[in-house]
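Reviewing the structure listed below.
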Amino acid sequence: MTQKQTAYLRKEGVVKYTCPSNIAIVKYWGKTDIQIPLNPSLSFSLKHSFTQTSVSYFFDSANKGLRFSFYFEQKKNEKFEQKLSVFFDRITDKFSWLNHYNLKIESQNTFPHSSGIASSASSYAALALCLSKIHQQLTGVELSCEEISNLARLGSGSACRSVFGGWNTWGEFTQKKSSNLHASHLHEHLHASFADIQDTILIVSKDKKEVSSTAGHQLMENHPYKNGRIQQANKNLVTLIEVLKNGDWNGFIEVAESEALSLHALMMSSTPSYTLLLPNSIKIVQLIREFREQNKIPVCFTIDAGPNIHVLYPARNKKEVNEFIQNDLLPYCDDKNFINDELGTGPTEIN
Ligand code: PMV
């Protein structure tokens with residue numbers, strides 16, 4: 001046994017975290033290297049859509065390298081284990097104890113598969129939190145939120161923003177200290193109407209998307225609008241931060257909808273081109289715009305890399321917007337499926 005192994009503070013233990021997914025208003029699209037974003041992004045963390053992950057660890061003197069198993073909703077998931085191997089390869093230099101412990105990772109989500117909620121964001125962030133806690137228990141060294149966010153990024157880019165609650169940026173831009181390596185919490189005092197923002201997610205289709213985000217990011221490499229997109233995102237981010245401070249819902253709506261449709265326009269103009277939006281997604285977009293125009297209620301949409309629509313509005317308009325969703329939008333959803341969510345306060349450790 002090496003000296004390093006005997007120095008670990010514990011032989012075994014279990015850690016458990018819940019960690020939310022997040023929804024980007026200014027979207028990250030395209031990357032270099034290992035999840036270094038082409039452009040900065042800004043998102044908020046959700047409240048009810050989260051992953052709960054527990055990691056049990058025990059010391060095994062016979063271990064010569066990483067050993068782990070992954071269970072999703074009580075079932076062994078070998079496909080995700082393969083993805084996790086890539087993630088672990090990226091972090092074993094930071095967590096050398098991984099070579100001497102067996103891990104059992106068990107995970108479950110509060111939201112259904114392919115529901116338009118980024119499960120990779122909440123999963124990798126929850127795992128990064130668990131591993132950081134184990135690191136602390138074994139070595140006595142506590143990682144900062146930024147260091148944990150950096151770890152989560154190595155699993156999935158947008159996961160780095162899920163380590164924090166509230167509103168968070170990720171990626172360098174001119175006017176603020178923000179890093180490409182980890183997310184940063186927006187500490188500015190935000191207007192109350194953005195501190196209780198609601199997000200009703202309309203499930204237009206539950207089918208697995210035909211083109212993954214990984215493939216989509218790659219297509220930005222030689223995209224004819226790449227430079228224009230980087231400029232647009234930088235500009236939108238600066239505008240959005242002001243809008244969030246001032247409570248300017250008109251400004252918010254402009255940025256959120258332009259970002260959502262630009263993301264999909266980039267997919268449609270990639271080579272090869274592809275479309276993730278469905279006819280019902282477009283119908284919902286039109287109905288939201290009509291309702292807003294007619295009722296002068298600040299409600300808008302954002303869309304992730306899929307056909308499902310996130311309806312965004314302040315809590316003060318919950319009643320009218322929920323009625324509108326029930327009566328006019330749910331008929332365009334798969335089996336009238338939707339999820340009511342809102343801004344949340346971030347991960348929690350479960351003791
Ligand atoms: O983190 P990834 O590789 O799953 O990419 C996420 C990209 C978008 O969800 C479309 C935008 C974003 O910033 O979350």
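The values are calculated or read from the model by the stated rules, or taken from the named source; none is laboratory data. Worth saying up front: this structure is predicted, and the values here are computed from it rather than measured. With ideal geometry, Cβ positions are generated from the backbone for all residues, glycine too; neighbour counts draw on all protein chains shown. Heads up: the accessible areas ignore ligands, DNA and RNA and are worked out on the full protein's heavy atoms, side chains in. Shrake-Rupley method; radii C 1.70, N 1.55, O 1.52, S 1.80 Å.
A few comments on the model shown:
- Computed about the Cα centre, the dipole magnitude for the range 88-161 is approximately 120 debye when only Lys and Arg (+1) and Asp and Glu (-1) carry charge, each at its Cβ.
- Once the Cα-Cα distance is subtracted from the 0.36 nm per residue extended length, the residue 61 to residue 323 segment shows a gain of 88.3 nm.
- Relative contact order for the range 3-176: 31 percent, from Cα pairs under 8 Å spaced at least 6 residues apart, divided by residue count.
- A probe of 1.4 angstrom, applied to the heavy atoms of all protein chains, finds residue 282 with accessible area near 80 square angstrom.
- Over the residues of the chain, the helix contribution to mean residue ellipticity at 222 nm works out to -11000 deg cm²/dmol, using -39500 (n - 2.57) for each DSSP H run of at least 4.
- Taking only the Cα atoms of the range 190-342, the radius of gyration and Dmax are 15.9, 45 Å.
- The range 1-77-the range 238-281 distance, computed between alpha-carbon centres (Å): 29 Å
- Distance violations [Cα-Cα > 20 Å] among 296/336; 226/283; 296/319; 283/336; 75/104; 31/245: 296/336; 226/283; 31/245
- Here the range 1-126 is assigned +1 on the Cβ of each Lys and Arg and -1 on the Cβ of each Asp and Glu. Its dipole about the Cα centre then comes out at about 100 debye.
- Percent of alpha-carbon pairs separated by more than 12 Å within the range 119-176: 63 percent
- Residue among 21, 56, 38 farthest towards the positive dipole end of the range 1-77, charges placed on Cβ: 56
- Rg followed by Dmax, in Å, when the range 122-262 is reduced to its Cα trace: 17.2, 50
- Degrees between helix 249-268 axis and first principal axis of the chain (Cα, 0 to 90, nearest 10): 70 degrees
- In the range 20-169, the convex hull through the Cα atoms has an average projected area of 8.9 nm², a quarter of its surface area.
- Aspartates and glutamates whose Cα lies under 15 Å from that of residue 235, excluding same-chain neighbours fewer than 8 positions away: 172, 254, 257, 259
- Percentage of interatomic Cα-Cα distances in the range 290-351 larger than 19 Å: 39 percent
- Quotient of Cα Rg and 2.2 N^0.38 Å for the chain, N being how many residues it contains: 1.01
- A full extension of the chain between residue 222 and residue 195 corresponds to an added length of 5.9 nm, given 0.36 nm per residue minus the alpha carbon distance.
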